[in-house]
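The values are calculated or read from the model by the stated rules, or taken from the named source; none is laboratory data. Just so we're clear, the structure is a prediction, and the values are computed from it rather than from any experiment. When we count neighbours, we look across all protein chains shown, and the Cβ atoms used for this are built from the backbone with ideal geometry, even at glycine.
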């Protein structure tokens, strides 16, 4: 069972063994959502099902949303129903990937943990590593699997909400880590949300700092050292991660798991919900 990362060689071995397995392609472009379908059609890991950030991993029906922000989570039961429609059963290993440095596939990894499916892993190096190693790719979707029933089990990772984050602001019981680029964190630029800046007291760790120059996650030791330095004595158990809309924060959640510093919480509403909630403080610099 793989629960954080899986290598290309390990995925190939599972495929060769015919192990109970589902692979999901989460490739996406934030400023061009329609590109996700184009990327999937160009090439995807053999047998991979598409998981589209807007269509499958978010809901835009306010009545069906768990939180606010630009990419609201659907209710756990709705998401589990979608997984079952794809043929996912409780005994299956899930492998998720993208071609954007784990920016988007982490969302599906986290959501699987959120509905209690622990055997979910991110393909280290993404589609680029798979193709570089000669992994088989397809340009058409796989044949549909028989629909299944995926039970909703106790969440394995915590979801934080705006009210809770606001109530614990400035207390030792909460450490907020912002995964956005440094310029957005400082409030120098804001391409997506109406207000620039960050949650007061938040630390900044851009999500792409978890990868090395070759596009693979850094070693557990290096990640542990880097997060320990960032926390500067703060308890890792107090960490709540956020970003713009609860997507690119997940690589930080995953990295802390890899480093042995997890589990940590995700504020899925993130800056897009925070800065649109009247009365909440915003900081710059």
Any residue in region 81-95 that's surrounded by 17 or more Cβ atoms within 10 Å (Cβ to Cβ): show its pairings with residues that are assigned to a helix (DSSP H, G or I) and at pLDDT 95 or above at Cβ separation under 7 Å, as long as the two are six or more apart or on different chains.
-> 93/14; 94/112; 95/11
Does at least one position in region 50-61 carry a residue that is in a loop (DSSP other than H, G, I, E, B), over 16 Å from the mean Cα position of the chain (by Cα) and at pLDDT 95 or above?
-> no
Would you check if residue 135 is under 30 Å from residue 85 (Cα atoms) and in contact with a strand residue (DSSP E or B) (Cβ under 6 Å, 6 or more places away or on another chain)?
-> no
Note on region 213-251: residues in contact with a strand residue (DSSP E or B) (Cβ under 9 Å, 6 or more places away or on another chain) and closer than 17 Å to residue 199 by Cα are 230, 231, 238, 239, 240, 241, 242, 243, 246, 249
In the list 125, 84, which residue meets the criterion of being within 18 Å of residue 8 (Cα to Cα) and modelled with pLDDT of 95 or more?
-> 125
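To keep it simple, each residue is scored yes or no on (1) within 19 Å of the chain's Cα centre (by Cα); (2) surrounded by 15 or more Cβ atoms within 10 Å (Cβ to Cβ).
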{"position": "122", "(1), (2)": "yes, yes"}
{"position": "133", "(1), (2)": "no, no"}
{"position": "161", "(1), (2)": "yes, yes"}
{"position": "174", "(1), (2)": "no, yes"}
{"position": "180", "(1), (2)": "yes, yes"}
{"position": "194", "(1), (2)": "no, no"}
{"position": "207", "(1), (2)": "yes, yes"}
Scan region 242-259 for residues that are closer than 17 Å to residue 4 by Cα and either touching a helix residue (DSSP H, G or I) at 6+ places or on another chain (Cβ under 8 Å) or without any contact (Cβ under 8 Å) to a residue 60 or more places away in the chain (or both) and jot them down.
-> 247, 248, 249, 250, 251, 252, 253, 254, 255, 256, 258, 259
In this structure, does residue 139 turn out to be in contact with a helix residue (DSSP H, G or I) (Cβ under 7 Å, 6 or more places away or on another chain) and more than 18 Å from residue 8 (Cα to Cα)?
-> yes
